[in-house]
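First the structure, in the form of C-alpha cells, and then the observations on it.
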Amino acid sequence: MSMQVDDRLATVLRAPPSGDRAARTQYRQVIDLLGSRPAAPGDMSPAQYRSLAARVELVPADEWQRRVIEPALAGHNPHLLAYLGWRRLDELARLIPDAERARILREPGQRLRNRHLVAHLAVGDVRSAAAAMAIAQLDEAEWLDLVPRLPVMARGFLRHRRDLPPSVARLLGSLGVTDMTLPAPDGTPVPGEIAPHTEAPAQAPTPAPAPGPGTFPPAERDGIRALLHRIEAFREGRLRSAEESRLPLGDLEGEDGGPASTSGNPMIDRFDFRTGVDGRIAAADADIAPLLVGMLLSREGPGVLAVLDQGAASAFDLRQPLRAARLEIDAASAVSGTWRIDAEPEFTPVTGHFAGYRGRARRWQEPLPLAAAPPATADLSPDSGEDRIRQTLHELRTPVNAIQGFAEVIQQQVFGPAPNAYRALAAGIAVDAAKLLAAFEEVDRLARLESGALALAQGDADLHEAVAETLRRLEGVLRPRGAAIALQATGDAFPTPLAREELLLLVWRILATLAGAVAPGEHLHAQLEPTAQPSSPAVTLTCNLPRSIAAQDDPFAPMRKDKSQLLSATMFGTGFALRLARAEAEAAGGSLEICADNLALTLPLLTAPEQAHSTAERGEDAA
C-alpha cells in the first residue's frame with residue numbers, strides 16, 4: 001500500500017462518523033481506498049483480520065490508543081491501518097441500512113479490485129454480498145483463488161455474471177453452483193437478476209415493515225403466493241430437464257465397453273469428487289455437482305445420505321487411501337444406489353495438514369460382497385416386510401425433504417424478503433420436518449436390526465463410563481422434578497465390543513426413556529455388575545422401572561407417546577424406544593429383558609489381552 005493511500009485512509013479514519021450522511025460518505029470513502037487496487041502479497045486477508053480482531057479485543061483500553069491507533073494513523077504500521085479500515089467498515093455497516101450499503105457499492109465509478117475485501121463483503125448481508133459480487137473486477141487467477149472460499153450464497157450470485165473467464169465458470173459448476181434464479185409461473189424471465197457491473201446504479205428495493213400475524217394485505221399475500229408458484233415452477237423445470245436428458249437404457253456404455261448399470265439411473269455411471277477435512281463433498285463433476293456438493297460421506301446414522309462401509313469409514317478416520325470402498329447413496333434418483341469409490345488423501349504442501357480426499361466413484365457392475373453374512377433366518381428378499389418398510393420410508397422422505405427445503409427457503413429469505421410471521425411459520429415447519437426425518441431413521445434402523453441387515457460399529461467402549469455420563473446429562477431434567485436415578489457399580493471398567501457412539505446411543509435410549517416416565521419425586525436405583533460366567537463374561541445393567549411403565553402389560557408394545565413427558569428418546573413412545581434398544585442389544589451379542597418390574601441390559605465383556613510368556617522374553621535376551 002503506497003504512502004499516499006496510507007495518508008488518505010488515515011485522514012478518513014481520524015474523523016468519527018457524526019450523523020447518517022457522514023456515515024454514508026465515510027463508508028463510500030473507505031470502500032474506495034481499500035478496494036481500488038488489487039491485493040498485494042502480504043495484504044490482510046479476512047482470516048487474518050478475524051484473528052487480529054480476536055487478539056486486539058483483549059488489549060486494555062489504555063493500551064488501545066498506544067499500541068493500535070497511534071502506530072496505524074501515524075503510518076508506522078500499514079497492517080494495523082488496514083485492520084482499522086476493515087473495522088470501521090464493520091462499524092459503519094451497523095449504522096447504515098443494508099439496502100443503502102448495497103446502493104453505495106453499485107454507484108457509478110465504484111471500484112472493487114481487492115480480492116480480500118471482496119471476500120470480506122461476501123460474508124455480510126445478502127444485498128451487500130450481491131452488490132459486491134456484481135461489481136468485483138478481479139483477474140482470472142484471483143477469481144480461481146477466491147471462489148472456493150466464498151459462501152455458497154455468494155457463489156450463487158456469481159453464477160449470473162456473463163463476463164467471468166470460462167475457467168471460473170467451470171469451477172463454479174464443479175462446486176455445485178447452478179442457475180439459482182426462479183422463473184415466473186408463466187415462464188417469463190424474472191427482473192432483478194444480478195448482472196455484470198455497469199455504470200447505471202441499481203436501486204435495491206427496501207422492504208416495507210411486516211405487519212402483525214393475520215393482518216397481511218392482499219398484495220403481500222399475493223407476493224408470497226407468487227413466490228411459492230415460482231419455487232414450484234423452478235422445481236418442475238429441474239425435473240423436466242433431468243428427464244429430457246436421460247438416455248435410453250443400454251445407450252450409455254460402461255468403462256469396459258458394455259452397457260452401464262441398469263439400476264434405474266443409466267445417465268450417470270461415474271463421477272470425480274473432492275471432499276473437505278470433515279468428509280463433506282466440496283466439488284464434483286459439473287453435471288452432477290448440484291446433487292452431491294455438501295453431502296457428507298460418513299458412517300450410517302440419522303440424516304446421513306451417503307453411507308460408507310465400516311472399512312472405508314475407518315480408513316477415512318486414519319487418512320488412508322480408499323480402495324474399492326462401498327458407498328451407499330440414498331438421495332436424488334440420479335445418484336442413488338451403490339457406488340465403488342477409489343480416493344487418495346490430500347495434504348497441504350506447506351503445513352502437511354490433512355486437506356481431504358480426491359477420487360472417483362463408479363457404479364458397481366457386480367453384486368457387492370457383504371462384510372458379514374446375515375443370519376439364516378433373516379428375510380432379505382425384495383418382498384420381505386422389512387424391505388417394504390424401508391421402501392415406504394424412502395417414499396416418505398422425498399416429500400418431507402421437499403417441505404423442509406421450501407420452508408428453509410422462505411425462512412431464510414433466499415429468493416427475497418418475506419413477512420416475519422411467514423418466516424416464523426416456515427421455521428416451525430422446518431423443525432417438524434427434521435423431527436420426522438429423524439423418526440424415519442429410527443424406524444429404518446429397527447427394521448434393519450431385526451432383519452439382521454445392520455451390524456453395529458465395533459470398539460471397546462466402557463459401559464460404566466457411558467452410564468455415568470448419561471446420568472449426568474439427565475440430572476438437569478430429573479432434579480427440578482425431585483426425581484433421581486442412583487447408580488451403584490461393582491467394579492470400575494466394563495469394556496464392551498461396541499464403539500463409543502453406539503454404546504452411548506443405546507444407553508441414552510434406555511435411561512432417557514426411563515427418566516421421561518418417572519413421576520415427580522420418584523427415585524430409581526440402577527446396579528451395574530459383571531456376571532459370574534467365566535466362559536462368557538458379560539456385564540449387566542439392572543434398573544427398577546418407573547411406576548407408569550411397570551403398570552403396563554407389555555412395555556415393548558407400541559403405545560401412544562405421552563405428551564406430558566418432559567423427555568423422550570423417540571417420537572413413537574416408550575414401547576418403540578425399548579424395542580429398538582432391545583434390537584441394538586441383541587445385535588451387540590447381548591439382551592434387554594424386563595422381568596418383575598426390573599429392566600436388565602446385558603452386554604458381553606471384552607477380556608484383557610494375554611501377557612507374553614517369560615520364556616519368550618528369555619529367548620529374546622539370549623538371541
Spin-label model distance (nm) - Ala551 vs Glu469, 7 Å beyond Cα toward Cβ: 3.6
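Evaluate E = 1/(1 + (r/R0)^6) for Asp20 and Thr542, where r is the Cβ-Cβ distance and R0 equals 51 Å; express this FRET efficiency to the nearest 0.05. Show your work: numbers first, answer last.
On the way: r = 70 Å, r/R0 = 1.38.
Step by step, r from the Cβ atoms, then E = 0.15.
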Net lengthening on full extension, Thr607/Asp287 (0.36 nm per residue, minus Cα-Cα): 110.0 nm
Label-point separation, Gln320 to Arg87 (7 Å along Cα→Cβ), nm: 5.0
Region 463-604 - percent relative contact order, Cα under 8 Å, separation 6 or more: 24
Linear extension gain, Leu425 paired with Val152, 0.36 nm per residue minus alpha-carbon span: 95.8 nm
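When the chain is fully extended, how far beyond the present Cα-Cα distance does Glu107 get from Val277, taking 0.36 nm per residue of separation?
Details: separation 170, 0.36 × 170 = 61.20 nm, distance 4.01 nm.
The Glu107-Val277 span can extend by a further 57.2 nm.
Please order Cys543, Cys595 by the number of other Cβ within 10 Å, starting at the fewest. Kindly include the intermediate steps, with their values, before the conclusion.
On the way: Cys543 21, Cys595 7.
Ranked by crowding around the Cβ, least crowded first: Cys595, Cys543.
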Calculated FRET efficiency for the pair Arg481/Gln527, C-beta based, R₀ 25 Å, to 0.05: 0.65
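Values in this text are rule-based calculations from the coordinates and carry no lab data. No experiment lies behind these values; they were computed from the predicted model shown. Neighbour counts are summed over all protein chains in view; Cβ atoms, including those assigned to glycine, are modelled from backbone coordinates with ideal geometry.
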